[in-house]
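Note sheet for the following structure.
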């Protein structure tokens, strides 16, 4: 007898690639870098520097949180030096 | 002053509005944003020289009125910080002088010691090195024509 072959494939965990723009005149690079270091275990980060913005590309590792970007941006604001 | 325009997105639970940098400096906006970090997700954009764009996204689900109220509270807090910054600027010299005096006192040089007073020494307060001993009338009097005082007719 032929065995039934399952056509189900293993679902790959979808890695969401998101990005966020931080205005260079408003956000400090030091605060962004510190935030990246603190969030390092939760996601992969790639920081690119453009003319007016720091573009931060985020690939979430373990979970997909709708508010991850918002939480991250708040965290950066909290680390800003007065 | 014109009320800043706002754009509400109920689906995103978000309100976006612009602030003129002429009225609201970036320092005040930063401080205000810090106060609201626990209540909303805040994102800042725009040109700090011209106009700052503030995006407030409620952490809890908010309706239109509540989002408007959130913006109102943000603006009130902003005013609070504006006043604090202004007062800090006005009192800067005095604060520095007080701290400086405290440090000198800590080193053991007491300007107000009995010896100095007995010797007839006036200390440094009469020389006014910081230029803070300016009468209120001189400091805040409007330049231009001096106002004439009304003569009060006296009976009898």
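None of the figures in this text is laboratory data; all of them are computed from the coordinates on show. These numbers come from a predicted model, not from an experiment. Heads up, the Cβs are rebuilt from the backbone with ideal geometry, glycines too, and the neighbour counts pull from every protein chain shown.
Which FRET efficiency value, to the nearest 0.05, do you get for residue B:26 and residue B:93 by plugging their Cβ-Cβ distance into 1/(1 + (r/R0)^6) with R0 = 30 Å? Present the calculation step by step, with values, prior to reporting the outcome.
Working: r = 24 Å, r/R0 = 0.81.
Working from the Cβ atoms, E equals 0.80.
How would the stretch B:1-56 be classified by its alpha-carbon gyration tensor: rounded, prolate or oblate, with rounded meaning a/c under 1.5 and the a/b versus b/c comparison settling the rest? Working shown, then result.
Details: a/c = 2.03, a/b = 1.28, b/c = 1.59.
Oblate, because a/c is 1.5 or more while a/b does not exceed b/c.
Once you place label points 7 Å from the Cα toward the Cβ at residue B:104 and residue B:140, how far apart are they in nm?
Label-label distance for residue B:104 and residue B:140, simple model: 2.8 nm.
Roughly what % of Cα-Cα distances in the stretch B:22-104 sit above 20 Å, to the whole percent? Could the numbers behind the result be given before it?
Numbers: 1554 of 3403 pairs.
Looking at the stretch B:22-104, the distances longer than 20 Å represent 46 percent of pairs.
Neighbouring Cβ atoms within 10 Å as the yardstick, rank A:75, A:27 fewest first. Before the final figure, lay out each step's value.
Numbers: A:75 17, A:27 24.
Ordered by Cβ neighbours within 10 Å, fewest first: A:75, A:27.
7 Å from Cα along Cα→Cβ at both residue B:9 and residue A:37: what's the point-to-point distance in nm?
3.3
Sort the stretch B:29-77 into rounded, prolate or oblate with this rule: let a ≥ b ≥ c be the square roots of the eigenvalues of the Cα gyration tensor; rounded if a/c is under 1.5, and if a/c is not under 1.5, prolate when a/b is larger than b/c, oblate otherwise.
Details: a/c = 1.86, a/b = 1.70, b/c = 1.09.
In terms of gyration-tensor shape, prolate.
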